[in-house]
1. For residue 27, indicate whether it is free of Cβ contacts under 8 Å to residues at least 40 places away in the same chain and either of a type in the set (Lys, Arg) or touching a strand residue (DSSP E or B) at 6+ places or on another chain (Cβ under 9 Å) (or both).
2. Sort out which residues of the stretch 4-22 are surrounded by fewer than 16 Cβ atoms within 10 Å (Cβ to Cβ) and without any contact (Cβ under 8 Å) to a residue 60 or more places away in the chain, and write them in order of number.
3. Would you check which residues across the stretch 37-48 are among the β-branched types (Val, Ile, Thr) and outside any strand (DSSP E or B) and list them?
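The values are calculated or read from the model by the stated rules, or taken from the named source; none is laboratory data. What you are looking at is a predicted structure, and each value in this text was computed from that prediction instead of being measured. Cβ atoms come from the backbone with ideal geometry, glycine included; neighbour counts cover every protein chain shown.
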Amino acid sequence: MAGKKQFKVTVRRNYCKQCAVCVEFCPTRVFDLDSIGYPIPARPEACIGCNLCVLRCPDFAIDVEAQGEKAG
């Protein structure tokens, strides 16, 4: 049985303007905001690789990369 694909989610803070579009559009709630308002991938294991965060980010501050499969 094939495992679930895993993804690495990266936010480049030097590009991010803290708009929180990624937080609002993520269907699996991967992101939270840190204490100063930057998005952080708090639940990267929940990422399904839909790339809505990448497509909606006005600053090109987010990358989602496939990392292989997780057993289960």
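1. no
2. Across the stretch 4-22, the qualifying residues are 8, 10, 12, 13, 14, 15, 17, 18, 19, 20.
3. Selection gives 48 alone.
A quick yes/no check of all residues on (1) in contact with a Gly (Cβ under 6 Å, 6 or more places away or on another chain); (2) farther than 19 Å from residue 6 by Cα; (3) at pLDDT below 95; (4) not in a loop (DSSP other than H, G, I, E, B):
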{"residue": "22", "(1), (2), (3), (4)": "no, no, no, yes"}
{"residue": "29", "(1), (2), (3), (4)": "no, no, no, no"}
{"residue": "35", "(1), (2), (3), (4)": "no, yes, no, no"}
{"residue": "50", "(1), (2), (3), (4)": "no, no, no, no"}
{"residue": "58", "(1), (2), (3), (4)": "no, yes, no, no"}
{"residue": "65", "(1), (2), (3), (4)": "no, no, no, yes"}
